[in-house]
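Worksheet for the structure shown next.
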Amino acid sequence: MEFIKPDINIDFVGRRKFAFTLSLVLILIGLAALIWRGSSLYGIDFAGGTVIQLRFSSPTNAAKIKEGLKPIGLDRSAIQHFGGEGENVFLIRTDVSRSKLANLSKELKDNLERLYGENTVTVERVEMVGPKVGKDLRQKALLAIYYALLLIAIYISWRFEQKLMPAAIMAGALVLGVLGLRKVGMGIPMLIVAALVITMVCCWFLKLKYALGAVTALIHDVLITVGAFAIANKEFDLTVVAALLTIIGYSLNDTIIVFDRIRENLRKGKRREFAEVVNASINQTLSRTILTSGTTLAVVTALFILGGGVIHDFAFALLVGVVVGTYSSIFVASPILIAWEARLGSARVRATAKS
Amino acid sequence: MKDLRWRAALVLAVFVVALVYLLPTLGEELPEWWIKFFPDKKINLGLDLQGGMHLVLEVESDKAVENTVERFAQEMKGEMGTAHIRFRLIERQGRDGVRLLLPKEQDWQQVADLLKNKFPLLKVKDRTLVQDQVEVLLRIEESQVSHIKKLAVDQGLETIRNRIDQFGVSEPDIRTQGQNRILIQLPGIKDPQRAIDLIGKTALLEFKLVDEQHSVAEAEKGRVPAGDKIYYSRKVDPVTGQVRRSAYLLKDRTLMTGEYLTNAEVRIDSQYNRPYVALSFDDRGGKLFEKITGENVKKRLAIVLDDNVYSAPVIRDRISGGNAIIEGQFTMDEAKDLAVVLRAGSLPAPVQILEERTVGQSLGRDSIRKGLISMAVGGVLVVIFMVVYYGGSGIIADLALILNIVLIMAALAGFGATLTLPGIAGIILTIGMAVDANVLIFERVREELRLGKTPRAALDTGYSRATWTIVDANVTTLIAAVVLLQFGTGPVKGFAITLSLGIAASMFTAIFGTRLLFDYLLQKRRMKTLSI
């Protein structure tokens, strides 16, 4: 069986202007949502606070629960229905992080049972993160993102051209650059941005066009996924950061396969326009791209629908990331190569084609 | 041919070893001889799957330093008394200092000798003459301070371990984390709140005299007599849950602490059928208690635990024999837990809960069920898809996929790694991504076949061209996984583990394993066409 006919030839690169605009709009909407949500994006892992998951034996609603929380002054907590339709499970989130040994979950249960009756409320889950640990976890998550980016940037700078010099220069510039900035006392979030800027600038001057395309694509993917999170009113926690890093890996995987094909076709040395080669390469790998995204998407969708509330946000991040990652390797990473070539003139392409 | 046999043997061996490691997890009961010779470890389930509690405590180790210094100050008063040196004031200053005021300067040499002999840890930092009196500032050295702090954390850990052991939790994991934190994991715990109460109690037992000369009411208005302090008793009404507090005015000086305790156990008061806690002291404690009670007959002695007054009975007579009781309106559980914490000893410094994550057992079971269902549904979708799309070759890819999952599970059991809910998600993700290797190879083979190559040649080119791409496309995901392994906590680490295992296993199964089957079919079965 075949979905994609071998002689398929869709003009992907011809639609790159439209794709760029679409990406830009999505990123801007996402960023706007991010700014609008502000610190409410942080789950308790990062912001600190308490989440208590309660199961009621009979149907109820947030307003009634709120009533029950009044005596202990928690009626300003966020109360949210959780889990599937017909399940009487609610999440209660407060900023309170009891570091003293106050029996918050017991108090909560007792108070609610006074309203609902004996043995009608079960505490299924309690997560309390104090401010100190919240800060630690924030730091850990940032460090994870930071080191992953650093390693991946160095890897791809070597991967595509496979020349030692540019990769060594890149690695040196990155390490020295971020070490220097760290000495100056720059925080990790700014360091991450700095590392990205250094990577892009290095790619530019060392003429690592493939690496530049790949890095741009992964920034694109992460921005859109994060934006989707903000729009869907979800919260960031450690598992979501894990999902984001996985998406980075996945999206690069896709990009590497398309880029490998482009370079293989260039080596074949047919006298063709660069854009044409790129488009042909995308079409040749299209079948694989769609199949792999398809199977990954199938399992992630299964997880999203059937995996239950605890893993829901994680699956959501993966779902968005896989779709965007596939899109970006076709519509973002490759067109950047073309834009690069167009800027430097087509002379180099012909030279490459001849050799 | 020979080469084929070797490869087949290798794959088979890997499969069998994997099954051996996996069997304990799958089987209910293993026969005796198996346990003797083969691994019998089941896959470790994370707290999010089996239910349980994860706690991070911070030991307020500065308090331990304060307590030590405070004790020094008290002891110093006693020593100065015995040596007949007059002093105006001895008090703790800040966390690690003692301030000393002497009325006469000529006493100083004597004091210096006494300090040197009895309190070698305290060093003189400053000595000034203020209007005929000498003011001396003593301080514990920084290296000693950190030693005391470390000791407090170690002792705290030990005490908590004792308490948990007596409480009865199977396979608790208790260890220090960083400088002053203690990480506690209690799998399968039924009553988390009770465990927290038990772990977190400082359990500092003190005996203090009630000041009956002054009125509590006056003191509560802010006029606390010198050397006194207000303490409260807390009584929880079992019906309404309301807390009643009543105030006691106690002498600040502690006559005795719980350090001499040898045992504490619950007994039932036969008259009112109420539980109480009976204490026994060691020899020194018994004598001290006898002296205290003998000197204070007809006075009230308050029993204070963690700054709460439990009872303040009148001493009727000298009590010898080293026994005492703590009464209060306990429930049976409360009395039991109190006995446990008293037996296990007090914490050298109070602890604070920094992080708590508790998952009920039913939610854990639910998570396992939902995780397995999504895994099954996702897996079946992928398996069916591969067969429909690639025919016979799809079946080969599916076999590789099944081997892959077996390998991940076996590695989890073999390495004693922990499977968490995100870990299950990692396996599910691997199912989707592992077939990518085969998709890449098969697509390449199809292309080669279209160019008119024989199945054998097409397979050769397909595998050799795709392998490099597969390997290093996986490297990027592996980088992410390894970084997560480094920085992740519990559940996320579980994800990183299954993801990296899955990637590693998929290289073996999807490249090496499938190639073996194809070679077998082409060489041994002399298959002419390729179902792909």
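We did not get these values from a lab; they are worked out from the coordinates using the rules stated. Predicted model only: the values in this text are computed from it and were never measured. Ideal geometry is used to build each Cβ from the backbone, glycine not excepted, and the neighbour counts take in all protein chains shown.
Of note:
- Averaging Cα coordinates gives a centre for region B:218-237 and one for region A:261-279; these two points are 87 Å apart.
- Taking the Cα centre of region B:62-144 as origin and assigning +1 to Lys and Arg Cβ atoms and -1 to Asp and Glu Cβ atoms, the resulting dipole is close to 100 debye.
- The eigenvalues of the Cα gyration tensor, multiplied by 5 and square-rooted, give the protein assembly as shown an equivalent ellipsoid with semi-axes of 66, 32, 26 Å from largest to smallest.
- Of A:163/B:453; B:201/B:251; A:132/B:336; B:42/B:370; B:77/B:299, those spanning more than 30 Å from alpha-carbon to alpha-carbon: A:163/B:453; A:132/B:336
- Beta-bridge orientation, chain A: approximately 95 percent antiparallel, per DSSP, counting only bridges with both partners inside.
- Whole-number D in µm²/s for chain B (Stokes-Einstein; Kirkwood sum over Cα pairs; 10 °C, 1.306 mPa s): 54
- Helix-only mean residue ellipticity at 222 nm for the protein assembly as shown, each DSSP H run of n ≥ 4 adding -39500 (n - 2.57), per residue, nearest 500: -19500 deg cm²/dmol
- Lys, Arg +1 and Asp, Glu -1 on Cβ, resulting dipole of region A:49-129 about Cα centre, debye, nearest 20: 260
- Part-to-part distance (alpha-carbon centres) for region B:407-446 and region B:95-170, which is given in Å: 58
- Separation of alpha-carbon centers, region A:294-314 and region B:251-268, rounded to whole Å: 56
- Ignoring aspartates and glutamates fewer than eight residues from residue A:64 along the same chain, the ones with Cα atoms less than 20 angstrom from its Cα are A:75, A:85, A:87, A:107, A:110, A:113, A:118, A:124.
- The charge dipole of the protein assembly as shown, taken about its Cα centre with unit charges on the Cβ atoms of Lys, Arg (+1), Asp and Glu (-1) only, comes to about 2880 debye.
- When chain A is described by a simple charge dipole with +1 on each Lys and Arg Cβ and -1 on each Asp and Glu Cβ, the residue from A:126, A:231, A:212 located farthest towards its positive end is A:212.
- Cα-based reach from residue B:493 at 18 Å (exclusive), listing lysines while leaving out same-chain residues under 8 positions away: A:140
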